[in-house]
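Some notes on the structure that comes next.
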Amino acid sequence: MASVAAIGIGYLALLANGEEPGPVPLVHLLGEGGAQALLGLGLLGLTLTPVAALAVAAVGFRQRGEHRLVTISLAVIGFLLASAVVAAILTPAV
């Protein structure tokens, strides 16, 4: 909920300042400060939430001896992180 709120507040602040959101690399969003940083933090939070949930699940599966589910959880984490890397590479620089 905090990530969604940060995105909403950041977006509204951008509109209030007469700016338009666009495809900007996350590093630039965080470096800008203000509404841009708030928007970037919200997006980062939304991106990392499933990764954290899967990491916790993998630990639980490991404790229960569910090795197949640990492997699947780690594979999905790998796919999520790889997609974030690809998105970062393909986002045009500002």
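No value in this document is a laboratory result; all are computed from the given coordinates. Being a predicted model, the structure only gives us computed values, none of them experimental. Quick reminder, even Gly has a Cβ in these numbers, built from the backbone with ideal geometry, and neighbours come from all protein chains shown.
Could you list, ordered by first residue, the pairs with Cβ atoms under 7 Å in which the first is in the range 43-64 and farther than 13 Å from V76 by Cβ and the second is of a type in the set (S, T, Y) and in a helix (DSSP H, G or I), at least 6 apart or interchain?
Close Cβ pairs (under 7 Å, with a partner that is of a type in the set (S, T, Y) and in a helix (DSSP H, G or I)) amount to G45/S3; L46/S3; T49/S3.
If you scan the range 3-23, which residues turn out to be in contact with a Leu (Cβ under 9 Å, 6 or more places away or on another chain) and of a type outside the set (S, T, N, Q)? Write out each step before concluding.
Narrowing the range 3-23 to residues in contact with a Leu (Cβ under 9 Å, 6 or more places away or on another chain): 3-4, 6-7, 9-11, 13-14, 20-21.
Once the filter is applied, which keeps residues that are in contact with a Leu (Cβ under 9 Å, 6 or more places away or on another chain) and of a type outside the set (S, T, N, Q), the range 3-23 yields V4, A6, I7, I9, G10, Y11, A13, L14, E20, P21.
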